[in-house]
Each structure stands twice: as C-alpha cells, then as structure tokens.
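**Student:** Here it is: the structure, laid out below.
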Amino acid sequence: MTAAAQRTGDLRNYVLVTGAYWADTVADGAIRLLVLFYFYELGYSPLAVASLFLFYELFGIITNLVGGFAAARFGLKTTLFAGLGVQVVALLMLGLAPESLLVVPYVMASQALSGIAKDLTKMSSKSAVKLVAPAGDEGALFRWVAVLTGSKNALKGVGFFLGGLLLTVVGFQTATLLLAGMVATALAVVS
C-alpha cells in the first residue's frame, strides 16, 4: 500500500470515528437536558435532580483514570465500540423502563453508564487524531485536537437544544429511544 493510500485510509477512519464521537456528544448533551427538565417537571427537588448526575461525573472520572490502560490493552477501536455500546444501553435503560422504575437510584445507575460511555468515546476519538497528523508535526496534532475539542463543545450545545426540543415534542422516553437509535446507527457505521 502506498503512503498516499494509507493516509487516505487513515483520514477515512478518522472521519468515521469523529462522526461517531459527534453523534455521542449530541446524544450526551441531549440526555443531560432531558433528565434535568423531566425530573424537575416531576417535582423532584433541586438536590434530587443534581444527585442524578453525581454518578455520571464520578464514573467519568474513574473512566478517565483507567481508560488509557484499557485502550492500551484492548485497542482504541474496542474502547470506542464499548463507549458507544454502553451509551446505547444507558439510553435504553431510560427509554424502555416503566415509569415506576424511573426513580433516583435507577436513573443514577443509567447516568453512571452514560458517564463511562462518554469518556471512553472521547478518549478513543481524541487518540485517533494521531493517525492523521503528520508524524513529528506537533502543531498539526494540536490543531486537529483543537478542532475536535471545539466541535465537541459546540455539539454539546446542539445536544442541549435537541434534548429540550425532543422533550417538548415527543416526551422523555421516546426522546431517549430516538437518541439510542442515533448512537446505535453511529456504532453500526464505524463497525
């Protein structure tokens, strides 16, 4: 395989991985807003609503601590697939649960999975940047990472808007099922 063909293949893979990361980022932003507003509408106290995100943050931190080891052992492709798959499970937990099960401990467990998923996907995607940056050109590597990070922040905002729109138009559980379908589609495309 020629160097140009290899570079084209690397760029294609990077585009697929970035697209999957973007889908997960939009879904992650949307589910944050969906959970926040849905449980607020149900009359949960501000402290109870805030506690729904406690495990999301805690398990995200833990995932960041051990994610590199997992990627080194199993590969970035595996951690990316795992992140997307776990996000689908977390969304389905909310979308398929009977309303009586949508209580604080159950939602906290779903959010723990979502925190794990987000950080596995983020780590895998940002690590894939090194495949397209020219070897030895740290400036190019930093530019690619900056674009990916900047796009993440913008797309999280798109996710917040989408979450509010979906909650208003189709309701909480249907919205989470639609988001699960979006992330599952991204997983299928990169597989």
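The values are calculated or read from the model by the stated rules, or taken from the named source; none is laboratory data. What you are looking at is a predicted structure, and each value in this text was computed from that prediction instead of being measured. Keep in mind that these areas ignore ligands, DNA and RNA; they rest on the heavy atoms of the full protein, side chains included. Shrake-Rupley method; radii C 1.70, N 1.55, O 1.52, S 1.80 Å.
**Student:** Would you be so kind as to identify all helices of the chain, as entire DSSP H runs, whose Cα atoms reach 30 Å or more along the helix's own axis and whose mean Kyte-Doolittle hydropathy is at least -0.5?
**Tutor:** Details: long enough: 3-41 (56 Å, 0.37); 104-127 (34 Å, 0.13); 138-169 (45 Å, 1.01).
Helix filter hits for the chain: 3-41, 104-127, 138-169.
**Student:** Could you put L148, L65 in order of accessible surface area, largest first, with the 1.4 Å probe and the full protein assembly present? The partial results should precede the final answer.
**Tutor:** Values: L148 0, L65 125 Å².
Highest to lowest solvent-accessible surface, that is L65, L148.
**Student:** Then there's this: Please give the solvent-accessible surface of F142 in Å², to the nearest 10, using a probe radius of 1.4 Å with every protein chain present.
**Tutor:** For F142, solvent-accessible area is about 130 Å².
**Student:** How big is the accessible area of W144 in square angstrom, nearest 10, if you roll a 1.4 angstrom probe over the protein chains?
**Tutor:** Counting only protein heavy atoms, the figure is 80 Å².
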